[in-house]
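Q: I have a structure I would like to understand better, so I am pasting it below and will then ask my questions one at a time.
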Amino acid sequence: MMGKLMTKQQLCDAVYQAVLSAKKPLTRMQICTAIGRKKSPHIIDMIERLYNMRYFERSYVLDDFGRGCFVYSPGTAIDAAACQD
C-alpha cells in the first residue's frame, strides 16, 4: 500500500494483521515496515490504541546495541474485527 492514503480502518487492519501474522514480536519500526509505511505519530497512536484495547501485548526489550524499545505481539483480545468501531 506504499504511496496510497489509508483510512483509519485500513491502517488499523494493516497494523493488526502485521502483528498477528508475525513469527516474533515486532518493534514499532518493524510494524511500519511490514505495512509499507514510514514510522509516524499516527501509526504509533494506532499501535498504542490496539495495545490499550488488549489486542496487543507490549514488552520492553534491549536491541543489539543496548537501546530500549517496545515490541508487540498478539494480545488476549484476539478478534478478526479488532478495528471495527
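The values are calculated or read from the model by the stated rules, or taken from the named source; none is laboratory data. This one's a predicted model, so the numbers in the text were calculated from it and none came from an experiment. Positions of Cβ are backbone-derived with ideal geometry, glycine not excepted, and every protein chain shown enters the neighbour counts.
Q: In region 15-65, what residues are part of a loop (DSSP other than H, G, I, E, B), over 11 Å from the mean Cα position of the chain (by Cα) and farther than 17 Å from K4 by Cα?
A: K23, K24, M53, R54, D63, D64, F65
Q: Now for a separate question. Pairs only if they're at least six apart or on different chains, beta carbon under 7 angstrom, first in region 59-85 and more than 15 Å from V15 (Cβ to Cβ) and of a type in the set (V, I, T), second modelled with pLDDT of 85 or more and surrounded by 10 or more Cβ atoms within 10 Å (Cβ to Cβ); list them, first residue then second.
A: These pairs meet every condition: V61/C69; V61/V71; T76/R54.
Q: Of all residues in region 28-57, count the ones that are touching a strand residue (DSSP E or B) at 6+ places or on another chain (Cβ under 9 Å) and surrounded by 16 or more Cβ atoms within 10 Å (Cβ to Cβ).
A: Looking only at that region, the number is 9.
Q: Exactly one of (1) at pLDDT 95 or above; (2) over 13 Å from G75 (Cβ atoms) is unmet by Q9. Its number?
A: Q9 satisfies every listed condition except (1).
Q: Here's another thing I want to ask about it. Give me a count of the residues in region 29-85 that are small (G, A, S) and at pLDDT 90 or above.
A: Looking only at that region, the number is 7.
Q: Could I ask something else about it? Here are some conditions: (1) farther than 22 Å from T76 by Cβ; (2) out of contact with any helix residue (DSSP H, G or I) (no Cβ under 7 Å at 6 or more places or on another chain). R37 meets all but one. Which one does it not meet?
A: (2)
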